Amino acid sequence: MASIKWDHTVHYVNDLEKAMAKFREVGLNAFMGGSHKLWGTYNALSYFDLCYIEFLAVEDRSLVESVKEPNDVVKDSIKLLPHREELSRVALRTDDIETVREQLSAFQLQMSPIMDGKRLDAQGNLIEWKMMTIAGDFQGLPYPFVIQWTGSEQERRERLKESGIIQAHPAGDVQIAEAVFDVEDPVAVAKHWHELFGFEYEKSDLPEVRLAVEKQAFVFKKGPLNRMQQLVFHTDVLELKGKSITIGEGQYKLV
């Protein structure tokens, strides 16, 4: 089976500057990413090693509306914004997107073709990747999308560190630990994602279902929203423990 890891999380926002300012208030790095010139969106980013948060906003609404590719990540931006600034899909990183597509085809999902993605970063450098979206949802929860970056993980980590994209946060050591999903049937949703992506169950004494994604976790809790509600950060910085950041309908909790 191809390697599948948690790559990043999309949070749709109306104002990238305000989102970045919220992170910076508690000592978390956030910076402009760049423009998706073919799709009409642009982003700001906050990195925690190779796992990161993408604040995604609409730069050119008419261009987004004209996109013909089955790119639900882009199309959801104008479905949700400006009224709903929600945490949305997680991106799953793989080293073999063709194999992942073949594995998922057994579940008769409606998948996009493998698309080439690219954007210019803030320094004008071209960033390229391959991606595939999965249409629809399972019991109301949108599916993750799958991404494969150019080069190995170590090469990419070194390149991002050299360019200053991955760097120590002023607040200290902070890592993304959990994505918390509010779903009507946590058992059924977790079982489905376990079958699709091979994430193993974690033991929990709480009324929730947890799937391990390497050292991180996807947590499914019972509720009516059927969407991601919260990202949880682990930190050793005592001053940060217990703090939370709210951006639109998304919450970031430090523990």
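The values are calculated or read from the model by the stated rules, or taken from the named source; none is laboratory data. Just so it is clear, the model here is predicted, and its values are computed rather than measured. Counting neighbours? That spans all protein chains shown, and the Cβs are built from the backbone with ideal geometry, glycine included. Please note that ligands, DNA and RNA were not included when accessible areas were found on the heavy atoms of the full protein model with its side chains. Shrake-Rupley method; radii C 1.70, N 1.55, O 1.52, S 1.80 Å.
For a quick check of your reading of the model, give me the residue pairs whose first member lies in the range 6-24 and is touching a residue at least 12 places away in the same chain (Cβ under 8 Å) and among the aliphatic types (A, V, I, L, M), whose second is open to solvent by less than 60 Å² (accessible area, probe 1.4 Å) and in a loop (DSSP other than H, G, I, E, B), with beta-carbon atoms closer than 6 Å and at least 6 apart or on different chains.
VAL13/GLU85; ALA19/VAL13; MET20/ALA30
Residues to consider are GLU202, GLU162, GLU184; find the one that is closer than 22 Å to ARG84 by Cα and open to solvent by 30 Å² or more (accessible area, probe 1.4 Å). Reasoning before the result, please.
Working: GLU202 fails: closer than 22 Å to ARG84 by Cα; GLU162 fails: closer than 22 Å to ARG84 by Cα.
Checking each option against the conditions leaves just GLU184.
Which of the following residues is of a type in the set (Val, Ile, Thr) and without any contact (Cβ under 8 Å) to a residue 40 or more places away in the chain: VAL183, VAL209, VAL219, VAL232?
Working: VAL183 fails: without any contact (Cβ under 8 Å) to a residue 40 or more places away in the chain; VAL219 fails: without any contact (Cβ under 8 Å) to a residue 40 or more places away in the chain; VAL232 fails: without any contact (Cβ under 8 Å) to a residue 40 or more places away in the chain.
Only one candidate qualifies: VAL209.
ALA44 fails exactly one of the following numbered conditions: (1) buried (at least 20 other Cβ atoms within 10 Å of the Cβ); (2) over 30 Å from PRO170 (Cβ atoms). What is the number of that condition?
It fails just one condition, (2).
Determine whether the range 123-140 contains at least one residue that is in contact (Cβ under 8 Å) with a residue 60 or more places away in the chain, of a type outside the set (S, T, N, Q) and in a helix (DSSP H, G or I).
No, there is no match, as no residue in the range 123-140 is in contact (Cβ under 8 Å) with a residue 60 or more places away in the chain, of a type outside the set (S, T, N, Q) and in a helix (DSSP H, G or I).
So TYR143 fits all but one of (1) modelled with pLDDT of 95 or more; (2) over 25 Å from LEU45 (Cα atoms); what number is the exception?
Failing condition for TYR143: (2).
Conditions (1) assigned to a strand (DSSP E or B); (2) modelled with pLDDT under 95; (3) under 20 Å from the mean Cα position of the chain (by Cα); (4) among the hydroxyl-bearing types (Ser, Thr, Tyr), marked per residue:
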{"site": "GLN175", "(1), (2), (3), (4)": "yes, no, yes, no"}
{"site": "GLU178", "(1), (2), (3), (4)": "yes, no, yes, no"}
{"site": "ALA190", "(1), (2), (3), (4)": "no, no, yes, no"}
{"site": "ASP205", "(1), (2), (3), (4)": "no, yes, no, no"}
{"site": "ALA212", "(1), (2), (3), (4)": "yes, no, yes, no"}
{"site": "GLN230", "(1), (2), (3), (4)": "yes, no, yes, no"}
{"site": "LEU238", "(1), (2), (3), (4)": "no, yes, no, no"}
{"site": "ILE245", "(1), (2), (3), (4)": "yes, no, yes, no"}
{"site": "TYR252", "(1), (2), (3), (4)": "yes, no, yes, yes"}
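Of the residues that sit in the range 3-33 and are under 20 Å from MET131 (Cα atoms) and open to solvent by 10 Å² or more (accessible area, probe 1.4 Å), which one is farthest from the chain's Cα centre (by Cα)?
Among those that are under 20 Å from MET131 (Cα atoms) and open to solvent by 10 Å² or more (accessible area, probe 1.4 Å), it is SER3.
So if I check each of PRO170, PRO144, which one is out of contact with any helix residue (DSSP H, G or I) (no Cβ under 7 Å at 6 or more places or on another chain), within 25 Å of VAL255 (Cβ to Cβ) and open to solvent by 90 Å² or more (accessible area, probe 1.4 Å)?
Working: PRO144 fails: open to solvent by 90 Å² or more (accessible area, probe 1.4 Å).
Going through PRO170, PRO144 in turn, just one is out of contact with any helix residue (DSSP H, G or I) (no Cβ under 7 Å at 6 or more places or on another chain), within 25 Å of VAL255 (Cβ to Cβ) and open to solvent by 90 Å² or more (accessible area, probe 1.4 Å): PRO170.
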